[in-house]
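Peer 1: Please read through the structure below; I'll follow up with questions.
The values are calculated or read from the model by the stated rules, or taken from the named source; none is laboratory data. Since this is a predicted model, take the numbers as computed values, not measurements. Heads up, the Cβs are rebuilt from the backbone with ideal geometry, glycines too, and the neighbour counts pull from every protein chain shown. For accessibility, only protein heavy atoms count, side chains too; no ligands or nucleic acids. Shrake-Rupley method; radii C 1.70, N 1.55, O 1.52, S 1.80 Å.
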Amino acid sequence: MPNYQFSEKEPLLGFAGLYEFWPDPELPEDDPERWLLTCTVLTTTTQDALGHVHDRSPVVIPQEWLDPDAEKGETPATPLLVQGPKLLAC
């Protein structure tokens, strides 16, 4: 069943994810169809109102991580896996 996930406090949510391009070894190197793009959304244990929808919840990236003008530095990712903004579903 489709659902809409949102935060009462954040107007925009960024989900953590990974992507990879994979070459098909059976196709020639110059074939434009050789590359397959795959992606995934990182999840963690649900700790909010989404528990009734699913036992996993997307890892939400803090807004400051998405600011291109923010000062770059190392920020530990561990807090993302423990707590994020409270999400709701409808």
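Peer 1: Skipping prolines and chain starts, which residues have an amide H placed within reach, meaning under 5 Å, of the one on Thr44, given they are 5 or more residues away or on another chain?
Peer 2: The list, which skips near neighbours in sequence, is Ser57, Val59.
Peer 1: With a cut-off of at most 11 other beta carbons within 10 Å, and DSSP calling the residue loop, which GluC sites (Glu not before Pro) in region 25-72 qualify? Please list them.
Peer 2: Taking region 25-72 and a limit of 11 other Cβ atoms within 10 Å, the loop GluC sites (Glu not before Pro) found are Glu26, Glu29, Glu71.
Peer 1: Kindly rank 50-61, 9-20 from highest to lowest mean number of other beta carbons found within 10 Å of each residue.
Peer 2: 50-61, 9-20
Peer 1: Here's something else I'd like to know. Going by accessible area, probe 1.4 Å, with all protein chains left in place, what is the ranking of Thr46, Thr40, largest first?
Peer 2: Ranked from most to least accessible, the order is Thr40, Thr46.
Peer 1: Amide H neighbours of Phe15 under 5 Å, counting only residues 5+ apart in sequence or on other chains, H built in-plane at 1.01 Å?
Peer 2: Ile61
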